[in-house]
Structures are given as structure tokens and as C-alpha cells.
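Engineer: Submitted below is the structure of interest, expressed as C-alpha cells.
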Amino acid sequence: MAEAVRLAQRGVYSTHPNPNVGCVIVSRDEIVGRGWHACAGEPHAEVFALREAGERARGADVYVTLEPCSHQGRTPPCADALIKAGVRRVVAAMQDPNPRVAGEGLERLTAAGIQVETGLLEAQARQLNPGFISRLERGRPWVRLKLAASLDGRTAMASGESQWITGVAARQDVQRLRARSSAVVTGIATLLADNPAMNVRLDAQQLNGVEPVRQPLRVVMDSQLRMPATAKMLLLPGGVLVLTTNGDQAAWQALQHAGAEVALVEEHDGRVSPAAVLELLAQRDVNEVLLECGPTLAGTFMAAGLVDELVLYLAPHLMGDAACGLLSLPGLEKMQDRIALEWMDVRQVGSDLRITARPKASG
């Protein structure tokens, strides 16, 4: 199963909106088939593993990181393929949270006389697909907030100058975060200040060799439709979605003519509602969101409890008291008001530190 998890990780940059899945087939203590899901619309992990195993799949044990599907989607049901191949046992790390499957694949295997087990390395299997699981279990994507700061927690000089706080290696690492994300979300303030591209600038060989490189949907929260039609991201490959509370048709048409899609969403405190944004993105099969924005919007998502993971790049320099802070979090006045986090990972990336943390579960 550990090998199946490793194989599944090869699809992290390319399977959207499908989950990352790996499969290993074992016959007489020998691995005879390996497979992983690479792209939506292409065969699933079990099919590739069965192809490699051939006749040796008959009577074999199958280890797969997610319950085999039982429904006809873009590809035929994997449960049926396993039954047809005559496997003896299927060990699934976890049940599929998709209500179209949700145990039905395992039941179909059991009904065919195949021994079924679940739960082996389930925690590792869930870590493969935080966004897919979040979208199906909570109705919203997994939100990863990316931050870059000096050692004293500053993100830009008082003048607004911020390029570059971190080094080349850290910026390359951010490219991989973008590549695994279904969508990158920013606010209009960041767009007007920096005119960012927010695209993936790595080639296929740097992203597990899957071609073409998938560009995430770039989402701009722009309550008053101030986004210029000349914005850099509109000139680049990949979709751009502008979410607004403004129904001005002339402004809509200008952005649509420039290549953006515009959608109306609910407002909260006079601005685009973060919760409404995530609900809309989940309806569009967005699994993982990378939030790249300024301190105000970052603080808004954090205060609303909508951030699942923080990835903070800390650079070894000091920027001083007048520089901009990391997050805008008004109302935290007492120690009991603190937002508790737990460390998930700390490592050096080039000359910088990368800290991954998650909000600590209450209780």
C-alpha cells in the first residue's frame, strides 16, 4: 500500500478534478502490476495496473489507495474490471467520499466473491486528496494560504515594494503549489498593486512529466469591478474568473471581451463573500485553492475559519516597523483570542524557511 501511495503522488499536478489514486497488484508475494491515475478522462489506476499484470492478475491481491469506482463516468467502472480480471482480494485504503460510489464499489466486489478490506494506511491516503475529500464531505475546497515574509513578519515595505522577499528556490516551490491547485484566488487590491500573472511557469519534466502543464483557474475577488481589461493574467493561457457584487453590464462586457468570465456572488460586509466564493468553486469541481493575496483578504479568510493550511516562506532578513504586516486580524486583543496553529512541516528551501501549519482543531 505504501507503494500505491507513492504512485498516486505522481498525479498530484494533473488529475484535477479527479482524486490521486495509486494501485499495486501482488501475486505470490511479487508485484506484478503498478498503476496511477494521471489525467481526468484517462484510465484509472486499477486499469493501468491490470494491463501490466495481464493474466497474473487472476487470483492476485490488489492494493489501491481509494475504493474502486462503481459508476460509469468518462471511463468504465474499475470494480467491474477487477471482477473480470478474477482478482482474489482487494485492499482499499479508504472508502470513496463520492456519493456516486460511497461503498458501492466495495459491495460490488464482495457480491462477486472477492475478499475486501479497508483502512490500511488510510491517513496517508486521505493526505493524497485533501481537496477532493473536502469538496465532497464539506462542500468547499481545501484552502491553502501562501504567505512570504521577512523574519520579522513583514510582507512589503511601506512604499509597497515587495519584490523579492524570498529567494529563487522558494519562488520555484510556490510554482509547485500553484501547479497542484485547481484554482488560485487573489483580491483586487493585489491585482491593482502587482498586476500578477499567477500562472504556472514550470515545464512538464518539473511536474512528474505529465503534458501539457495544466494551468489553474485564476480567480479575482473584485466587488466593484475595478479590474482593468489589460491585466497581465488575461493575456496568458488558462481561465480567469472575476467574482463580483457589481451588476454593471458595461464593466462586465469589457472584462468578458478581454477573455475573463464574470460571475455575481453574495456580498459580506459590502464585499465579495469568501464563503460564497468557496461554495461556487466547489460547484465547479475545484478541489484545492491556493490563496495568494494581501494581508486584508488573508485575514478575512483566516478570521472566517476558511483557511485549512498555511504555507509561510520566511526570509532571513528584517524589514522594520514601517513595513506591512503578515495578516490583518483586528479584534484579537487578549491571549484567549489567539488563533491556534499546529506545525505540520518545517524545512529549509534555498536560503528561506518553509513552514506549513494548520489551524488547531478546537477541543
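Engineer: Rounded, prolate or oblate: which one fits segment 5-128, using the alpha carbon gyration tensor with axes a ≥ b ≥ c (rounded when a/c is under 1.5, else prolate when a/b beats b/c, else oblate)?
Structural biologist: Working: a/c = 1.36, a/b = 1.21, b/c = 1.13.
Note, shape of segment 5-128 comes out rounded.
Engineer: Still on this model: Which listed residue (GLN95, THR65, ALA53) has the Cα farthest towards the positive end of the charge dipole for segment 38-104, taking +1 on Lys and Arg C-beta and -1 on Asp and Glu C-beta about the Cα centre?
Structural biologist: My answer, from the dipole projection, is ALA53.
Engineer: Provide the FRET efficiency to the nearest 0.05 for the GLN249-THR118 pair, computing r from the beta carbons and using R0 = 45 Å.
Structural biologist: Working: r = 53 Å, r/R0 = 1.17.
Result of the calculation: an efficiency of 0.30.
Engineer: When the chain is fully extended, how far beyond the present Cα-Cα distance does ARG284 get from MET157, taking 0.36 nm per residue of separation? Can you show the working numbers first?
Structural biologist: Details: separation 127, 0.36 × 127 = 45.72 nm, distance 3.71 nm.
Going from the current span to full extension adds 42.0 nm.
Engineer: Could you pull out which residues in segment 165-200 have an amide N less than 17 Å from a spot 7 Å beyond the Cα of HIS268, following the Cα-Cβ vector?
Structural biologist: Hits in segment 165-200 for HIS268 at 17 Å: 185-188.
Engineer: Please give the solvent-accessible surface of ASP194 in Å², to the nearest 10, using a probe radius of 1.4 Å with every protein chain present.
Structural biologist: 80 Å²
Engineer: Just by accessible area at a 1.4 angstrom probe, what is the order of LEU281, LEU341 from largest to smallest? Please report the intermediate quantities before stating the final value.
Structural biologist: Values: LEU281 0, LEU341 80 Å².
Output order, biggest surface exposure first: LEU341, LEU281.
Engineer: Shifting gears a bit: Can you give the FRET efficiency for ARG88 and GLU52, using 1/(1 + (r/R0)^6), R0 = 22 Å, r = Cβ-Cβ distance, to the nearest 0.05? Kindly include the intermediate steps, with their values, before the conclusion.
Structural biologist: Numbers: r = 17 Å, r/R0 = 0.79.
Efficiency, rounded to the nearest 0.05: 0.80.
Engineer: A follow-up question, please. Which of the peptides 181-187, 226-232 is most tightly packed, and how do the rest follow, judged by the mean count of other Cβ atoms within 10 Å per residue? Please report the intermediate quantities before stating the final value.
Structural biologist: Details: 181-187: 25.1, 226-232: 15.6.
For the peptides 181-187, 226-232, the packing ranking is 181-187, 226-232.
Engineer: Which of the peptides 344-355, 235-246 is most tightly packed, and how do the rest follow, judged by the mean count of other Cβ atoms within 10 Å per residue? Intermediate results must be reported in sequence, preceding the final value.
Structural biologist: Values: 344-355: 15.0, 235-246: 17.9.
Put in order of decreasing packing, that is 235-246, 344-355.
Engineer: Here's another thing I want to ask about it. Leaving ligands, DNA and RNA out of it, work out the accessible area of HIS16 with a 1.4 Å probe and give it in Å² to the nearest 10.
Structural biologist: That residue has around 60 Å² of solvent-accessible surface.
Engineer: Still on this structure, please answer the following. Find how much the distance from ARG138 to ALA322 grows on full extension, using 0.36 nm per residue of separation minus their present alpha carbon separation; answer in nm with one decimal. The partial results should precede the final answer.
Structural biologist: Numbers: separation 184, 0.36 × 184 = 66.24 nm, distance 4.00 nm.
Once the chain is fully extended between ARG138 and ALA322, it gains 62.2 nm.
Engineer: Another question, if that's okay. Could you list the GluC sites (Glu not before Pro) in segment 293-363 that lie in coil according to DSSP, counting only those with at most 16 other Cβ atoms within 10 Å of their Cβ?
Structural biologist: Numbers: sites: GLU309, GLU333, GLU342; in loops: GLU333.
For GluC sites (Glu not before Pro) across segment 293-363 that sit outside H, G, I, E and B with at most 16 neighbouring Cβ atoms in 10 Å, the list reads GLU333.
Engineer: Here is a further query. Under a Cβ-Cβ cut-off of 13 Å, what is the net charge of the residues other than ASN98 that fall near it, where Lys and Arg count +1 and Asp and Glu count -1?
Structural biologist: On the way: positive: ARG100, ARG135; negative: GLU67, ASP96, GLU104, GLU137, ASP285.
Neighbour charge sum, excluding ASN98 itself: -3.
Engineer: Here is a follow-up. Using a 1.4 Å probe, how large is the accessible area of LEU290, given in Å² and rounded to the nearest 10?
Structural biologist: Around 0 Å² of this residue is reachable by solvent.
Engineer: Can you pull out the trypsin sites (Lys or Arg not before Pro) in segment 69-119 that DSSP calls coil and that have at most 15 other Cβ atoms within 10 Å? Each step should come with its number before you reach the end.
Structural biologist: On the way: sites: ARG74, LYS84, ARG88, ARG89, ARG100, ARG108; in loops: ARG74, ARG88, ARG100.
Of the trypsin sites (Lys or Arg not before Pro), the ones in loops of segment 69-119 whose Cβ has at most 15 other Cβ atoms within 10 Å are ARG74, ARG88, ARG100.
Engineer: Mind ranking HIS268, HIS44, HIS257, HIS37 by accessible surface for me, highest first, 1.4 Å probe? Let's see the in-between values first.
Structural biologist: Working: HIS268 105, HIS44 45, HIS257 170, HIS37 5 Å².
Heavy-atom accessible area, descending, gives HIS257, HIS268, HIS44, HIS37.
Engineer: Any idea what the dipole of segment 189-237 comes to, in debye rounded to 20, about its Cα centre with Lys/Arg Cβ at +1 and Asp/Glu Cβ at -1? Each step should come with its number before you reach the end.
Structural biologist: Numbers: 5 positive and 4 negative charges, 19 e Å.
In total the dipole reaches around 100 debye.
Engineer: So for the chain: antiparallel DSSP bridges make up what percent, rounded to the nearest 5?
Structural biologist: Working: 27 of 62 bridges.
About 45 percent, rounded to the nearest 5.
The values are calculated or read from the model by the stated rules, or taken from the named source; none is laboratory data. Quick caveat, the model's predicted, so the values are computed rather than measured. Here the Cβ is made from the backbone with ideal geometry for all residues, glycine too, and neighbour counts use every protein chain on show. Accessible surface areas use protein heavy atoms only, side chains included; no ligands, DNA or RNA. Shrake-Rupley method; radii C 1.70, N 1.55, O 1.52, S 1.80 Å.
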